[in-house]
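Remarks on the structure that follows.
The values are calculated or read from the model by the stated rules, or taken from the named source; none is laboratory data. Computed from a predicted structure; not experimentally measured. Cβ: placed from backbone, ideal geometry, glycine included. Neighbour counts: every protein chain shown.
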Amino acid sequence: MYAKRLTFLLVTVLFNTFTLTAQNYTQHNWYFTGNDQALIFGKSPEAPPILHQGKVPLNNIGEKLTATDPTTGDLLFYSDGVNIYDGTNQVMVNGGGITSDPTGIQVLSTSPVPGVGNEPLQYMFYRNAAGNILYAIVNTAAQGNRVDGPPAGEVSLGSKNIPTGITNRGDGMIAIGSRDLTEFWLLTQDANT
């Protein structure tokens, strides 16, 4: 009698406590800036996962950059090294005329601007053809090109093609954040190595 009760109790507990849930891929979007395509997960099964959206870059060689929201996976902005585009695929307000090296490889990088109150700000670092590192500041909370709806962002006025003082850099650049994301390091390669 005791064994039957125990078995019944275990079976009841097992069936009532375990539920299967699939992974939520709605926040896993992949954007490719070398062309106009993106992979969007979490759509209906009938819809193709490849979307043709965005702008074909002005230069089909060299480096491209994409920045996405770390929480939602939504596209914030992207660049072909000549222009900075917002999530609506328009050149951002003040986003034209970036002086990046159009033939470089890994000459663009982005990182959040550290500090309290700077959450919507992003640095976009880039190397020009002379080997100098410059930057622009993108404000993702600015309304930008979008009249209605969430902000599309814009490059802060007077905040592009700003020299960092870092010179003689070659291809290769990456921004790495500390564990608590209060500090970021921009790693670059000396042009002579």
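Only one of Pro48, Pro57, Pro70 is crowded, with 17+ Cβ neighbours inside 10 Å, modelled with pLDDT under 80 and either touching a Lys or Arg at 6+ places or on another chain (Cβ under 9 Å) or in a loop (DSSP other than H, G, I, E, B) (or both); which? Full working, then the answer.
Working: Pro48 fails: crowded, with 17+ Cβ neighbours inside 10 Å; Pro70 fails: crowded, with 17+ Cβ neighbours inside 10 Å.
Checking each option against the conditions leaves just Pro57.
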**Message:** Looking only at the range 92-109, filter to residues that are of a type in the set (Val, Ile, Thr) and surrounded by fewer than 21 Cβ atoms within 10 Å (Cβ to Cβ); which one of those is farthest from Leu76 (Cα to Cα)?
**Reply:** Thr103
**Asked** Which of the following residues is over 18 Å from Thr66 (Cα atoms) and not hydrophobic (A, V, I, L, M, F, W, C): Thr110, Thr164, Thr103?
**Response** Thr164
**Complete:** Pairs returned, first residue in the range 151-169 that is within 8 Å of Ile133 (Cβ to Cβ), second residue that is hydrophobic (A, V, I, L, M, F, W, C) and not in a strand (DSSP E or B), beta-carbon separation under 7 angstrom, 6 or more apart or interchain, are Arg169/Ala191
**Item:** Positions within the range 81-120 being in contact with an Asp or Glu (Cβ under 9 Å, 6 or more places away or on another chain), in contact (Cβ under 8 Å) with a residue 40 or more places away in the chain, closer than 16 Å to Ile137 by Cβ and outside any strand (DSSP E or B), in sequence order
**Value:** Ile98, Pro114
